[in-house]
Amino acid sequence: MANTKSAAKRSRQSLARAHQNRSVRTRLRTLQKRVRSTAKPDAEQIRSLISALDKAAKRGIIHRNAADRRKARLNALIASSGRK
């Protein structure tokens with residue numbers, strides 16, 4: 001239990017932000033599963049996933065190096081399938 005009004009507010013803010021971040025992470029996982037499970041993901045799926053990764057990294061939801069790593073693996077997957 002918070003001892004001050006400001007601590008109570010910070011607790012509420014923390015819970016709200018955690019809830020929002022959780023939904024963003026879930027969306028990222030869903031997009032990644034869609035791209036990886038499809039034999040030939042189209043360019044729009046790939047673009048939307050890269051955009052979502054960049055936005056999550058910019059907001060601090062995932063670390064920027066983690067976003068870069070995921071994008072690199074995605075690009076390697078695309079390159080190995082013979083598409084540009």
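The values are calculated or read from the model by the stated rules, or taken from the named source; none is laboratory data. Everything quoted here is computed from the prediction, not taken from an experiment. For the accessible areas, the whole protein counts, side chains as well, though only heavy atoms, and no ligand, DNA or RNA atoms are used. Shrake-Rupley method; radii C 1.70, N 1.55, O 1.52, S 1.80 Å.
Figures for the structure shown
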| item | result |
| --- | --- |
| For the chain, radius of gyration divided by Kirkwood radius, i.e. Rg to Rh on alpha-carbons | 1.18 |
| For the chain, accessible area per residue (1.4 Å probe, heavy atoms of protein chains only), Å² | 78 Å² |
| Cα long-axis angle, helix 5-37 against the chain (0 to 90 degrees, to the nearest 10) | 10 degrees |
| Candidates Gln32, Gln13, Gln45: whichever shows maximal mean-square fluctuation once the chain is modelled as a Gaussian network with Cα springs under 10 Å | Gln13 |
| Extension gain (nm, one decimal) between Ala18 and His63, 0.36 nm per residue minus Cα-Cα | 14.7 nm |
| Principal-axis tilt of helix 43-58 within the chain, Cα atoms, nearest 10 degrees | 30 degrees |
| Protein accessible area in segment 23-84, 1.4 Å probe - carbon and sulfur % | 49 percent |
| GNM top mover of Leu28, Leu49, Leu15 - the chain, alpha-carbon springs below 10 Å | Leu15 |
| Computed [θ] at 222 nm, deg cm²/dmol, the chain (DSSP H ≥ 4; -39,500 (n - 2.57); rounded to nearest 500) | -27500 deg cm²/dmol |
